[in-house]
Amino acid sequence: MLIKRRQFLQSGSLAAAGTMLLPRFIKASAQGMPGGGKPKILVVIQLSGGNDGLNTVIPVRNDIYYEKRPKLGLKLTDALALHDEAAIHPALKSFKSLYDQGELSIINSVGYPNPDRSHFRS
């Protein structure tokens, strides 16, 4: 049976995720709160590759966004407003619901100084 790269990545990533070593701060959050409190759960979603980050979390009050994206930019009326400065793509209704409930936070533009696109450093 010949397996294609896409199939391997899809099935292999699920298997690898179960065996991946987690950083200590994530392991600690998964173990629960001292004294029996409700545990916090941290889910990290990195959208890269074909993702258009500026149309995922939209800077709706930034004129430069619309100046540089006259046809591609999403208007506030089309997007799901998070607050006065940002909105998310209309396809992310379930994320908007989680955000409104206080169950989702968005940390945008996270990286490291002088990124060199190295897989080893990243």
Here is a list of conditions, (1) open to solvent by less than 100 Å² (accessible area, probe 1.4 Å); (2) within 18 Å of ASN51 (Cβ to Cβ), and SER109 meets all of them except one; can you say which number that is?
-> (1)
Matching option when the condition is basic (Lys, Arg) and over 30 Å from ARG117 (Cβ atoms), among LYS96, LYS68 | LYS96
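Identify the residue in the stretch 95-122 that is of a type in the set (Lys, Arg) and modelled with pLDDT under 75 and, among all such residues, is nearest to LYS40 (Cα to Cα).
Restricting to residues being of a type in the set (Lys, Arg) and modelled with pLDDT under 75, the top hit is ARG121.
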Being over 17 Å from LEU54 (Cβ atoms) and in a loop (DSSP other than H, G, I, E, B) is the filter here, so list the residues in the stretch 84-102 that pass it.
-> ASP84, GLN101, GLY102
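This table checks each residue for (1) modelled with pLDDT of 55 or more; (2) farther than 28 Å from GLN101 by Cα.
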residue: GLN7; (1), (2): yes, yes
residue: SER13; (1), (2): no, yes
residue: ALA17; (1), (2): no, no
residue: LYS38; (1), (2): yes, no
residue: VAL44; (1), (2): yes, no
residue: ILE58; (1), (2): yes, no
residue: LYS75; (1), (2): yes, no
residue: ALA79; (1), (2): yes, no
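The values are calculated or read from the model by the stated rules, or taken from the named source; none is laboratory data. The shown structure was predicted, so the numbers you read here are calculated from the model rather than taken from an experiment. Positions of Cβ are generated from backbone atoms using ideal geometry, with glycine treated the same way; all protein chains shown enter the neighbour counts. For accessibility, only protein heavy atoms count, side chains too; no ligands or nucleic acids. Shrake-Rupley method; radii C 1.70, N 1.55, O 1.52, S 1.80 Å.
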